[in-house]
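Notes to accompany the following structure.
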Amino acid sequence: MKVIDLFAGVGGLSSGFRQAGYEILLANEIDKSIADSYKKNHPDTLMINDDIKNIIPLLDNYINKIDVIVGGPPCQGFSMAGARIRKKNAFLDDPRNYLFRNYFEVVQKIEPKYFIMENVPGMLSMSGGKIIEEIENLFTNESNFKKGRYYVYKQILCASDYGVPQDRHRLIIFGSKKKINFKKALEDTRKMMISNGEIKKTTIYDAISDLNYLSSGEGQFEQEYKFSALTEYQQQRRKNAKKLYNHIATKHNRVAIERMEELKPGEKRLNLKDGIKIKSVHSGAYGRMKWNDVSKTIITRFDTPSSGVYIHPEQNRTITPREAARIQSFDDDLIFYGNKSSIIKQIGNAVPPLLAYYLARMIENVEVGKYDEK
């Protein structure tokens, strides 16, 4: 099956769908540094580094050739939608939400069999549910399409239920040209993948305990692996990699290191002797990870101790980009290029490839007609 990946980032969705045997024909990403990183990791995919609205005229050659469109429009536009939304189409008429409109316009032009939109769970309750209602109305409106409406389904999934060592909850909006029993398709696919050994519960230890030990400020872009006793998860992530990349520890100041030295696994800011003085909006600020637990959601500031529970279980530093990528379920042969802030953004904003792989397998099961409904 053939795919277009919109708002692709470094390619979390692309990676998962490719692992399931899909062909990613086209991807779009507006950030040049991130688009360059995508190109280097997905050389067989045409990456268009441009505003999504500018790619719509270029899609004529893809009509009737695409089976699935995937993507996660950035949620900033949704978060700005105020409670003033009341009348029909007011959300879509608001120019601040143009990113979603453009995603819809691509789906409208291509009309694939299926689409997947990934976003934050909070979208369900924004503006008293008016936003999600507008989204559903847009895709289910028969007059918006030549080949008939979409049936739209939504579900919040937790990445840790699909083999990702991370408590990351995401809203999945799934569109299908045929009516299906979506919940049963989700459940059956997960049961099948568990029985086949494709989904197993994974801890932080399972994910990163093999990676070279580093102190604050140590590491380099490319290095040799030092440890060979691997968990099954580590073997899977390493299988196509010959060297270790992006394993570079942030250099912390003396005050931050002294604070981290105080912390035991599972402890946070208020366990510090001066913790009450540290101001942070994050409840897990200065949190040290625990080997036998899953990670909190990886965000775009995982290199900062005050941003959450991102301190290594043993070492006095935050996790490295490669450790964060492992927790996101990226394989080690996917190399992140760009400056530090770009690399952290690429990792923190990505859809975990293992979650994407599960969704791809679910579509395979839907495609054979097992879950069709009249």
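Using a 1.4 Å probe on the protein chains only, how many percent of the accessible area of segment 17-73 belongs to carbon and sulfur?
Numbers: 1240 of 2610 Å².
Roughly 47 percent, rounded to a whole number.
3J(HN,Hα) along segment 49-56: 8, 6, 4, 4, 5, 7, 8, 4 Hz, from the Karplus curve 6.51 cos²θ - 1.76 cosθ + 1.60 with θ = phi - 60°, whole Hz, x for Gly and Pro. Database remark: amide H of Q166 closer than 5 angstrom to the amide H of S160, S295 (H placed geometrically; neighbours at sequence offset of 5 or more, or on other chains; Pro and chain starts carry no H). In terms of overall dimensions, segment 266-332 has a Cα radius of gyration and Dmax of 11.8, 39 angstrom.
Taking label positions 7 Å along the Cα-Cβ direction at both S283 and F227, the computed distance is 3.0 nm, reported to one decimal.
Apply 1/(1 + (r/R0)^6) to the Cβ-Cβ distance of E262 and Q19, taking R0 = 45 Å, and write down the FRET efficiency to the nearest 0.05. With R0 = 45 Å, the Cβ-Cβ based efficiency is 0.60. Rounded to the nearest Hz, the phi-derived 3J(HN,Hα) couplings of segment 220-227 under the Karplus curve 6.51 cos²θ - 1.76 cosθ + 1.60 (θ = phi - 60°) are 8, 4, 10, 8, 7, 5, 10, 10, where x marks glycine and proline. Ordering of 200-206, 225-231, 365-371 by packing is 200-206, 365-371, 225-231, highest average first (other Cβ atoms within 10 Å, averaged per residue). Taking the accessible area of segment 170-295, probe 1.4 Å, and keeping the other protein chains in place, the carbon and sulfur fraction comes to 49%. The average projected area of the chain, computed from the convex hull of its Cα atoms over all directions, is 19.2 nm². Relative to the dominant Cα principal axis of the chain, helix 32-41 is inclined by about 90°. Descending by average beta-carbon neighbour count within 10 Å, the peptides 109-117, 254-262 line up as 109-117, 254-262, the highest first. The residues of the chain have, on average, 44 Å² of accessible surface per residue, using a 1.4 Å probe with all protein chains present.
Figure legend: label point modelled 7 angstrom from the Cα of K200 along Cα→Cβ; residues of segment 342-374 with amide N under 17 Å from it are 354-355.
Take every Cα-Cα pair in segment 151-211 and report what % of them are more than 19 Å apart. Roughly 43 percent, once rounded to a whole number.
Among DSSP beta bridges whose residues both lie in the chain, state the antiparallel percentage, nearest 5.
Working: 20 of 38 bridges.
Restricted to the chain, the bridges split so that about 55 percent are antiparallel.
Across segment 209-216, computed HN-Hα scalar couplings (Karplus, 6.51 cos²θ - 1.76 cosθ + 1.60, θ = phi - 60°) run 5, 8, 6, 3, 6, 9, 9, 3 Hz from first to last residue, x flagging Gly and Pro. Looking at segment 287-374, the pairs of alpha carbons with a distance over 20 Å make up 44% of the total. Cα extents for segment 102-174 along the principal axes, largest to smallest and rounded to whole angstrom: 42, 28, 19. Near T318, the amide H atoms lying under 5 Å from its own belong to T250, H312; only residues 5 or more places off or on other chains count, and H is placed 1.01 Å from N. Amide H contacts of V120: L171, each under 5 Å away and 5 or more positions distant or on a separate chain (H built 1.01 Å from N in the peptide plane; Pro and chain starts excluded).
The values are calculated or read from the model by the stated rules, or taken from the named source; none is laboratory data. Please read these numbers as outputs of a predicted model, since none were measured by experiment. Here Cβ is always computed from backbone atoms with ideal geometry, including for glycine, and neighbour counts include all displayed protein chains. These area figures cover heavy atoms from the full protein model, side chains too; ligands, DNA and RNA do not enter into them. Shrake-Rupley method; radii C 1.70, N 1.55, O 1.52, S 1.80 Å.
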